[in-house]
Amino acid sequence: MEILKEKIREYGVLVSDNVLKVDSFLNHQLDPEFIVAVGHEFATRFAGDEVTKILTVEASGIAVALTTAMEMKVPCVFAKKNKPSTLQGEVYSSIVHSFTKNETVTISVAASYIDSNDRILIIDDFLAMGAASKGLIEIVGQSGAHLVGVGVVIEKGFQKGGRELRKSGVRVEPLVVIKSLAAGKVEFE
Ligand code: 5GP
């Protein structure tokens, strides 16, 4: 996705050798046209896969998950972090460690929003170590739904998440893969 590479080149800020900040268009301020284009791209890639629901985790995955859901005309569910008191009844949960925030959280989805008839597409902003995706996949497993695949806006190919997911048979669709963030430079695959 060329527009994404241009945005990263122009607005991406390197926080370290392995963390890229894209707050000006994806993670804090949202560029609506770009977010809609991302949804269109995911919907095109997974057209014909009979997706019934989009699943993401709060907060930074929600915008792109929503535009994907709008394009595919299906509902969008986001896993909540640290189970709020409003989340009652049967719940699917998994534990996710975030290496960027250095914290471990429990993510949960009410069982009433996913069931074994669903065909789930997981959407997220970044794929790094794969913890968020694996946590969501675990929730899909608990529900008995079918996992169609994982769509991520930015995959950091130098971290192990994508490799591990593909090895376990998961279809992973990144809109861009970053080969390296070393020496203050973004290198795409
Ligand atoms: P993973 O669970 O695959 O290690 O990381 C996925 C989550 O961590 C993403 O949802 C994203 O919020 C965050 N993340 C991972 N790497 C980066 C990064 O380089 N930049 C930003 N802004 N977030 C990241």
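For this structure, a couple of remarks:
- Matching residues in segment 19-63 - criterion: being under 25 Å from residue 117 (Cβ atoms) and assigned to a helix (DSSP H, G or I): 39, 42, 43, 44, 45, 62
- Identity of the residue in segment 16-30, among the aliphatic types (A, V, I, L, M) and near the ligand (Cβ under 7 Å from one of its atoms), that ends up farthest from residue 159 (Cα to Cα): 22
- Output for segment 109-130, where each listed residue is buried (at least 20 other Cβ atoms within 10 Å of the Cβ), assigned to a strand (DSSP E or B) and more than 6 Å from the ligand (Cβ to nearest atom): 109, 120, 121, 122, 123
- The residues of segment 46-90 that are of a type in the set (Val, Ile, Thr) and modelled with pLDDT under 95 amount to a single one, 86.
- Scanning segment 91-114 for residues that are closer than 29 Å to residue 37 by Cα and at pLDDT 95 or above yields 96, 107, 108, 109, 113, 114.
- Residue within segment 170-178 that is more than 10 Å from the ligand (Cβ to nearest atom), in a strand (DSSP E or B), modelled with pLDDT under 95 and more than 22 Å from residue 72 (Cα to Cα) present: no
- Residue match in segment 151-165 (condition: farther than 22 Å from residue 188 by Cβ and at pLDDT 95 or above): no
- Applying a threshold of 8 Å to beta carbon distances and a minimum spacing of six or more residues, or different chains, the list of pairs starting in segment 13-33 at a residue that is of a type in the set (Phe, Trp, Tyr) and ending at one that is modelled with pLDDT of 95 or more reads 25/7; 25/11; 25/31; 25/34.
- Total residues in segment 131-171, condition out of contact with any strand residue (DSSP E or B) (no Cβ under 6 Å at 6 or more places or on another chain) and either surrounded by 22 or more Cβ atoms within 10 Å (Cβ to Cβ) or charged (D, E, K, R) (or both): 5
- Where a residue in segment 81-94 is in a loop (DSSP other than H, G, I, E, B) and its partner, wherever it lies, is of a type outside the set (Lys, Arg) and loosely packed, with under 14 Cβ neighbours inside 10 Å, with Cβ under 7 Å and at least six apart: 89/112
The values are calculated or read from the model by the stated rules, or taken from the named source; none is laboratory data. Keep in mind the model is a prediction, meaning the values are calculated, not measured. A quick note on method: Cβ atoms are made from the backbone with ideal geometry, for glycine too, and the neighbour counts reach across all protein chains shown.
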